[in-house]
Amino acid sequence: MNAEAIRSRPVLGYGLAIGAWLAAFVLRVALADWFPPGFPYLTFFPAVVVAAYFAGLWPSILTAVLSGLSAWWFWIGAPGFDWSPATAVALVFFAFVVAVDIFFIVGMTSARGKLEAEAARSAALAQSRDLLYREVQHRVSNNIQVVSSLLRLEAGMAKDGDARRILTEAASRTALIAKVQRGLSDAEGRATPFEAVARDLCADALAAAAREDVALLLDGGQLTLTAEEATPVMLILLECVNNALEHGLADREGRIEVVFAETEGQRRLTVRDDGRGLPSGFDAGRPSSLGLRIVHGLAGQLGGRFEMEHVDPGVRCALAYPIPRDIAG
């Protein structure tokens with residue numbers, strides 16, 4: 001039985017107090033011939049300490065009173081209650097020592113109990129907060145998914161080809177936001193593994209385009225994404241992959257390489273394909289399509305820059321931005 005259970009039941013507490021005093025008394029009697037004069041309380045101090053720790057304040061006071069009276073009657077001065085000055089000094093010394101013991105032991109036990117109760121309360125609040133946060137994230141993700149479904153419905157009903165394409169792209173982007181949002185379910189704001197999310201995202205893009213002839217090579221190391229950077233980075237990645245499928249690898253098999261790394265205080269996302277490359281006259285610094293304008297806007301949101309360049313073969317897209325302070329710190 002632990003100390004809390006004993007303190008919560010007074011009968012047990014006072015029973016322990018009396019038992020501790022009795023054990024100390026019997027031990028003191030048994031060792032009386034072995035103790036030199038001047039040690040009347042030696043076995044009683046531990047009894048008071050045990051009672052204070054396990055039973056609390058008043059039971060420990062009872063143990064101290066019984067111990068003091070026993071020592072006073074049998075081992076201090078003449079037999080009986082001796083009233084000499086030396087006896088008074090011995091009694092004051094005993095009272096002082098047991099008072100200090102009780103004060104510190106009961107005080108520390110009480111403080112520890114309060115700390116444990118506060119820790120349990122904090123843990124319960126943290127669990128409740130995390131559940132609430134997950135519920136909010138789930139509802140937000142569902143609402144975004146509803147918007148994506150409405151956009152797809154509108155796209156299906158649109159008669160104009162350009163309008164249908166624009167609505168379909170908007171639906172895809174909002175669906176991605178919903179998917180990323182669903183993964184950000186940690187109330188502590190801990191980061192999301194880049195490679196796990198990126199691999200699912202790219203696999204969805206390849207499946208949606210029915211491109212089993214395009215291989216995906218992805219390397220994100222052990223890097224993670226904070227909640228603030230996850231959505232813009234994933235949107236940019238999706239735009240780069242879709243551009244590669246739609247333009248660079250439209251009529252040929254090939255591969256797409258995705259690398260996410262940190263270097264010199266920056267994070268760098270690189271997406272490269274081995275397709276036909278950029279069209280002649282293309283100016284990456286002046287994007288004409290909505291998708292590229294969105295990408296440049298998202299790069300600015302991250303405090304970074306986005307570049308596209310022709311390589312042999314294919315196109316390399318690169319996003320570079322400062323490492324978030326939450327991670328850098």
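Taken over the stretch 192-202, the criterion of being open to solvent by less than 40 Å² (accessible area, probe 1.4 Å) and among the hydrophobic types (A, V, I, L, M, F, W, C) is satisfied by 194, 198, 201, 202.
Tell me which residues, restricted to the stretch 141-156, are of a type in the set (S, T, N, Q) and open to solvent by less than 70 Å² (accessible area, probe 1.4 Å). Write out each step before concluding.
Of the residues in the stretch 141-156, the ones of a type in the set (S, T, N, Q) are 141-143, 145, 148-149.
Those that are of a type in the set (S, T, N, Q) and open to solvent by less than 70 Å² (accessible area, probe 1.4 Å): 141, 142, 145, 148, 149.
Could you tell me which residue of the stretch 1-46 is modelled with the highest pLDDT, considering only residues that are open to solvent by 40 Å² or more (accessible area, probe 1.4 Å) and among the charged types (D, E, K, R)? If we take residues in the stretch 1-46 being open to solvent by 40 Å² or more (accessible area, probe 1.4 Å) and among the charged types (D, E, K, R), then 9 is modelled with the highest pLDDT.
Counting the residues of the stretch 53-71 that are buried (at least 20 other Cβ atoms within 10 Å of the Cβ) and modelled with pLDDT under 90 gives 4.
Within the stretch 83-109, the set of residues being loosely packed, with under 15 Cβ neighbours inside 10 Å and more than 15 Å from residue 50 (Cα to Cα) comprises 83, 84, 85, 86, 88, 89, 92, 93, 95, 96.
Do the conditions hold for residue 163, that is, is it assigned to a helix (DSSP H, G or I), under 22 Å from the mean Cα position of the chain (by Cα), at pLDDT below 85 and more than 30 Å from residue 46 (Cβ to Cβ)?
Numbers: assigned to a helix (DSSP H, G or I): yes; under 22 Å from the mean Cα position of the chain (by Cα): no; at pLDDT below 85: yes; more than 30 Å from residue 46 (Cβ to Cβ): yes.
Judged against the criteria, residue 163 is not a match.
If the condition is being of a type in the set (D, E, K, R) and farther than 20 Å from residue 71 by Cβ, then the stretch 1-43 contributes 4, 7, 9. Can you spot a residue in the stretch 114-136 that is under 30 Å from residue 178 (Cα atoms), hydroxyl-bearing (Ser, Thr, Tyr) and open to solvent by 60 Å² or more (accessible area, probe 1.4 Å)? Yes, because at least one residue in the stretch 114-136 is under 30 Å from residue 178 (Cα atoms), hydroxyl-bearing (Ser, Thr, Tyr) and open to solvent by 60 Å² or more (accessible area, probe 1.4 Å).
The values are calculated or read from the model by the stated rules, or taken from the named source; none is laboratory data. Keep in mind it's a predicted model, so treat the numbers as computed, not measured. Cβ: placed from backbone, ideal geometry, glycine included. Neighbour counts: every protein chain shown. Ligands, DNA and RNA are excluded from the accessible area calculation, which covers all protein heavy atoms including side chains. Shrake-Rupley method; radii C 1.70, N 1.55, O 1.52, S 1.80 Å.
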